[in-house]
Amino acid sequence: MKKYTGTVLLIVAAFIWGTAFVAQADAAQSIPPFTFSALRSLVGAAVLLVFLTLRSRFSKQKQSKADLKTLLISGVICGFVLFVAMNLQQYGISVYPPQVNNIPGRSGFLTAMYVVLVPICGLFFKKKVPPVVWLAAVLAVVALWLLCLKNGFGGIYLGDVLMFICALAFTAHIITVDTLGVKTDGVMLSCVQFFVAGILSLVAGLIFEPKTPLQVITDAWLPILYVGVLSSGVAYTLQIIGQKNTEPAVASIVMSLESVFAVLGGWVIFGEWLSGREVLGCVVMFAAVLLAQSPQFLRKDKAR
């Protein structure tokens, strides 16, 4: 039952990431990458801090010094990896030449390559991946191709290279959360990681980016809050909690539903009708997610 709960939490996280894409892209048009990452991360951390403060009033459980030390170390590591991943993604989008078609879909496809990279990297950590999960990962890549790249690549750009490195960084984040997340409280770990990612992004922004006028930030308050509260504060916390009971390879496939929800969100919110190719991509992706869950059913049957 815990494994199914973990999968549901990851699906909710993917739904939030997918529907928050429009807000993220809108704010990123006027706010530089490091500054935007700092704002969304610190907003997410602040929301989680408020939640933790309220929770502590109704809970008598106290953290030992050893637990706090583990939390801080884990949070700093996860926060640093997340800082690298989110800023590579944001900067990679910004360096694509204007003539490149479908930049969001292109960058989304390359970022989601963690679907394959996670099980490959898992081999080095002696994580056994069932053949059916490998098949699900391949199906997920096919689905992403159908959803994100209607006209193929048409050339390789610097943004493509950065996006692939970003996929490696998100792979590292998934594996790091899988390794360290089981040792700490999920909400507290998420709060610490966002404070770390936010502070690092803020420092980087002050060093490498021009000052962003306050008016620009206040004009984008709604997208910043939406991404900060939901995409950062809520979704990444659900990822940490959900991964506690889900294998990394399976988790990566479930979280790649983000692309499906982004397409469906455009259909529902903006009336953008899905093409036959996109409908097929959604069907293949959902099939991949269901297939990735099949080892759990097989183990359950054997147990009987």
**Request:** Rounding to the nearest 20 debye, state how big the charge dipole of the chain is about its Cα centre with +1 on each Lys and Arg Cβ and -1 on each Asp and Glu Cβ.
**Result:** 1340
**Prompt:** So between I120 and F286, what do we pick up on full extension, going 0.36 nm a residue minus the alpha carbon distance?
**Reply:** 57.6 nm
**Message:** Can you compute the helix-only [θ] at 222 nm over the chain? Use -39500 (n - 2.57) per DSSP H run of at least 4 residues, normalise by all residues, nearest 500 deg cm²/dmol.
**Reply:** -25500 deg cm²/dmol
**Message:** Show me the trypsin sites (Lys or Arg not before Pro) within segment 30-99 that DSSP assigns to loop and that have at most 14 other Cβ atoms within 10 Å of their Cβ.
**Reply:** K60, K62
**Message:** Can you give me the distance in nm between label points at W221 and L68, each placed 7 Å from the Cα along the Cα-to-Cβ direction?
**Reply:** 3.5
**Fill in**
Counting all Cα-Cα pairs in the chain, those more than 38 Å apart amount in percent to 11
**Request:** Just name one of I93, L110, L48: the one whose Cα is farthest towards the positive end of the charge dipole of the chain (beta-carbon charges, Lys/Arg +1, Asp/Glu -1).
**Result:** L48
**Asked** What is the distance in Å between the Cα centres of segment 194-216 and segment 2-32?
**Response** 22
**Fill in**
Phi angles of segment 213-222, converted by Karplus (6.51 cos²θ - 1.76 cosθ + 1.60, θ = phi - 60°) into ³J(HN,Hα) in whole Hz with x for Gly and Pro, give x, 4, 4, 5, 5, 5, 5, 9, 4, 5
**Request:** Take the Cα radius of gyration of segment 219-269 and divide it by 2.2 N^0.38 Å, with N its residue count; two decimals is plenty.
**Result:** 1.36
**Message:** Highest mean first, how do 158-164, 243-249, 217-223 rank when packing is the count of other Cβ atoms within 10 Å averaged over residues?
**Reply:** 243-249, 158-164, 217-223
**Fill in**
The answer for the chain, counting only DSSP H helices whose Cα atoms cover 18 angstrom or more along the axis and whose Kyte-Doolittle average is 0.5 or greater, is 2-19, 33-58, 65-94, 131-148, 158-180, 186-208, 276-303
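I'm checking a number: the convex hull volume of the Cα atoms of segment 168-295, normalised per residue, in Å³. What is it?
150
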**Request:** Return the aspartates and glutamates within reach of K244: Cα separation strictly under 16 angstrom, same-chain partners fewer than 8 residues apart disregarded; answer none if there are no such residues.
**Result:** D178, D185
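Every number in this text was worked out from the coordinates using simple rules, so none of it is lab data. The shown structure was predicted, so the numbers you read here are calculated from the model rather than taken from an experiment. All Cβ positions, even for glycine, are placed from backbone atoms using ideal geometry, and neighbour counts span all protein chains on display.
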